[in-house]
Amino acid sequence: NSASRMASRPNREAALADICTMGLSDWLKRLSGQFGWRLLALIFVLLHLLNGFARNLVGPAGAMPYLFRSYQLPAPDVLVYNSVLHSIWVVAPLFALLTDLLPLGGYRKSPYIIITSVLGTVGCLLIFAEPELSAKGSLICLVLLQFQQVAATVCCTGTYVQRLQGQEEYGADLQTYVSFGIEAAGLLGNIVTGPIVQGMGPRAAWGVAALPAAAVGSLTVSGYFEERAVDGAETRRTRQAACAQPVVVMLSLILFACMIFTNTLTLRYASLFANISGYLIAVSVVVVFFGISLNPKIAQVAIFSVLWNMLSINVDSALFYFLTDTDKMLKEGPHLSIVFYNSVRGPVYGLFALVGIYTYNRYMKGWNYRKVIVVSNVASAATTLASLIIVTRLNVRMGIPDTVFVLILAACRSMTLQWTRMPFRVLFMYLCPLGMEATMYSLLKGTSDLGNSASDSLGAFLLDYLRCRPSGTLAEDAAFENLPMAIIVTACCGLFAALLLIPLIPGAPPNCRLAGKDAEVAQNSLLSRLFETSPTPVAGKLLQDSQKPRTYGVLDQQGRTSLEDGLK
């Protein structure tokens, strides 16, 4: 494993070189000969089409804002809806455990994929075919599609990682196929969004997205997962392995409970107060339980992740209305067309995300974690403040066209966003104890997802407090008067949060493992020290078991190679 990790970058470069020298067709034939065309087709539909193309087509960067505009939803309410959708990804670690621990009809993945495929397809078709569907009804349909995307990601990743066992030398080729396919399909989704929305309306995008959503179920029914049925003895062994890691199971359940709690409050009471109260409670619960249950060095990063992401407040919904409102809605606005905003600005944003990853790898990968987080947050705050130039119309007085400045701003924001995210992707990987990389990585990523949802909630509260409530209605110039103040608060909060919480981040250089054996998950945690002094019959036994060497289930053993190779 050490040798394969050291060789991962040359292998990846060799994979790209093979594509150039052999040609894409021959390279795919070689890949198909090694793994089978069924696996490549499964990845193409579940990851490339559903999580690349469809996600960019109907997601927050696609047709979704136009759907919300058709309901004349104010910008704060749009952010509340976004917080609900972001929170669905928090369920990923528990869903991964569920598929291992509770097979349906003897199969771990296929039944869950079929169920979520039906739900996601129905959600797409309802939005497409029911123009009278309420805003809340559309939100529920979007949740169904989002949950299908989560299930497809978890199950498909587990499947192709399982096929990699014993064929690690081909891991770079397969990971290249996965990653570049998602990026290329997502870019295509961005390009076609503009013409579809402008020509047929936003709901037509969900009619297109229903095709890959339905194709997922069709391929699964046709047996493309190629999974064998597990017997009762194997299921019992997997459950025993899960019982041996009670801390991980407990934290997965806590993240899931937080998602249910916040979304229930939001949908039941439909108020900003209920939404933000739910997220403040949920974040507090996560901070406390992660803080007392995990090894301190892992807990500190998890706490930083959830708090920093929460305080990186999001007000993009108001900025979307400002950039795309027509002259009848906003007299002195940029008045960007749908095609330009989505089919030109969107691809630029996506391409410069790759530039951000490259520049991080080229110039910042040797910095210690604290330095790169501080520098990247300073750059991100500066880019956010640059939005003031177009909001105050200073760019027009400087002679810079709106279209040019929007593209420059999109490129800079995309790059700096990658700079702020990349150190955490690397840090999460090296904080995962050996033997349970996939599970711990998904838990740490779950704290980030919860923080992002809370960020949307805080952004909704901020916009509402500043009376910045544009909704795409006629003559709403007054709704943007306090947008500059919202942008300033957003830029300052994220930067100050990073500076204030930076002591929680290890000052270690990157590319060195910060966690060793699996026992280190709960070792020296407040909970473990408490039970060492006064153990209880049940909880003390569980914590002691969690610190013993053990064999993990399929998920962790499979996730290790893909996780480390993919991130590198």
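Structure values in brief
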quantity: Search result, residues across segment 327-355 that are outside any helix (DSSP H, G or I), open to solvent by 60 Å² or more (accessible area, probe 1.4 Å) and at negative phi; calculated: 327, 328, 331, 332
quantity: Residue tally, condition among the hydrophobic types (A, V, I, L, M, F, W, C), in contact with a Gly (Cβ under 9 Å, 6 or more places away or on another chain) and over 12 Å from residue 225 (Cβ atoms), over segment 129-163; calculated: 10
quantity: Matching entry among 442, 387 (being in contact (Cβ under 8 Å) with a residue 12 or more places away in the chain, in a helix (DSSP H, G or I) and open to solvent by 20 Å² or more (accessible area, probe 1.4 Å)); calculated: 442
quantity: Hits in segment 205-236 (condition: more than 27 Å from residue 144 (Cβ to Cβ) and touching a residue at least 40 places away in the same chain (Cβ under 8 Å)); calculated: 229, 230, 231, 235
quantity: Top-ranked residue of segment 74-87 - restricted to ones that are aliphatic (A, V, I, L, M) and surrounded by 22 or more Cβ atoms within 10 Å (Cβ to Cβ), ranked as nearest to residue 153 (Cα to Cα); calculated: 84
quantity: In segment 452-484, the residues that are open to solvent by 70 Å² or more (accessible area, probe 1.4 Å) and more than 29 Å from residue 424 (Cα to Cα); calculated: 465, 467, 469, 474, 475, 481
quantity: Enumeration of residues in segment 265-323 that are of a type in the set (Ser, Thr, Tyr) and under 30 Å from residue 472 (Cβ atoms); calculated: 266, 269, 271, 277, 279, 312, 317, 321
quantity: Residue that is farthest from residue 276 (Cα to Cα), among those in segment 461-478 that are in contact (Cβ under 8 Å) with a residue 24 or more places away in the chain and either in contact with a Cys (Cβ under 9 Å, 6 or more places away or on another chain) or not in a loop (DSSP other than H, G, I, E, B) (or both); calculated: 477
quantity: Answer residue from segment 124-147, given it is among the polar types (S, T, N, Q) and part of a helix (DSSP H, G or I) and is least open to solvent (accessible area, probe 1.4 Å) among those; calculated: 138
quantity: Any hit, segment 304-326, residues being within 25 Å of residue 65 (Cβ to Cβ), of a type outside the set (Lys, Arg), within 26 Å of the chain's Cα centre (by Cα) and surrounded by fewer than 18 Cβ atoms within 10 Å (Cβ to Cβ); calculated: no
quantity: The listed residue being surrounded by fewer than 17 Cβ atoms within 10 Å (Cβ to Cβ), under 23 Å from residue 441 (Cα atoms) and in contact with a Phe, Trp or Tyr (Cβ under 9 Å, 6 or more places away or on another chain), out of 422, 364; calculated: 364
quantity: Any chance residue 119 is part of a helix (DSSP H, G or I), surrounded by fewer than 20 Cβ atoms within 10 Å (Cβ to Cβ), of a type outside the set (Asp, Glu) and touching a helix residue (DSSP H, G or I) at 6+ places or on another chain (Cβ under 7 Å); calculated: yes
quantity: Subset tally (residues that are of a type in the set (Gly, Ala, Ser), within 23 Å of residue 295 (Cα to Cα) and assigned to a helix (DSSP H, G or I)) for segment 221-270; calculated: 4
quantity: Output for segment 445-479, where each listed residue is of a type in the set (Asp, Glu), within 28 Å of the chain's Cα centre (by Cα) and under 22 Å from residue 67 (Cα atoms); calculated: 456, 464
quantity: Selection count where residues are within 19 Å of residue 47 (Cα to Cα) and aliphatic (A, V, I, L, M), scope segment 91-147; calculated: 12
quantity: Test: residue 301 is out of contact with any Lys or Arg (no Cβ under 7 Å at 6 or more places or on another chain) and either open to solvent by 60 Å² or more (accessible area, probe 1.4 Å) or at pLDDT 90 or above (or both); calculated: yes
quantity: Residues that are closer than 24 Å to residue 338 by Cα and of a type in the set (A, V, I, L, M), drawn from segment 64-122; calculated: 64, 67, 73, 75, 78, 79, 80, 85
quantity: Residue in segment 276-290 that is without any contact (Cβ under 8 Å) to a residue 40 or more places away in the chain, open to solvent by less than 60 Å² (accessible area, probe 1.4 Å) and of a type in the set (Ser, Thr, Tyr) present; calculated: yes
quantity: Any hit, segment 215-237, residues being open to solvent by 30 Å² or more (accessible area, probe 1.4 Å) and in contact with a strand residue (DSSP E or B) (Cβ under 7 Å, 6 or more places away or on another chain); calculated: yes
quantity: Residue match in segment 74-96 (condition: among the acidic types (Asp, Glu) and at pLDDT below 90); calculated: no
quantity: Meets criteria (hydrophobic (A, V, I, L, M, F, W, C), modelled with pLDDT of 90 or more and touching a Cys at 6+ places or on another chain (Cβ under 8 Å)) for residue 410; calculated: no
quantity: From the options 150, 154, 161, 178, residue that is within 30 Å of residue 78 (Cβ to Cβ), open to solvent by less than 10 Å² (accessible area, probe 1.4 Å), modelled with pLDDT under 95 and assigned to a helix (DSSP H, G or I); calculated: 150
quantity: Every pair of residues 6+ apart whose Cβ atoms lie under 6 Å, when the first sits in segment 100-125 and is farther than 30 Å from residue 208 by Cα while the second is open to solvent by 70 Å² or more (accessible area, probe 1.4 Å); calculated: 101/239
quantity: Looking only at segment 27-37, and only at residues there that are open to solvent by 20 Å² or more (accessible area, probe 1.4 Å) and closer than 22 Å to residue 110 by Cα, the one that is modelled with the highest pLDDT; calculated: 37
quantity: Any chance residue 40 is over 28 Å from residue 344 (Cβ atoms), open to solvent by 20 Å² or more (accessible area, probe 1.4 Å) and assigned to a helix (DSSP H, G or I); calculated: no
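The values are calculated or read from the model by the stated rules, or taken from the named source; none is laboratory data. What you are looking at is a predicted structure, and each value in this text was computed from that prediction instead of being measured. Positions of Cβ are backbone-derived with ideal geometry, glycine not excepted, and every protein chain shown enters the neighbour counts. Keep in mind that these areas ignore ligands, DNA and RNA; they rest on the heavy atoms of the full protein, side chains included. Shrake-Rupley method; radii C 1.70, N 1.55, O 1.52, S 1.80 Å.
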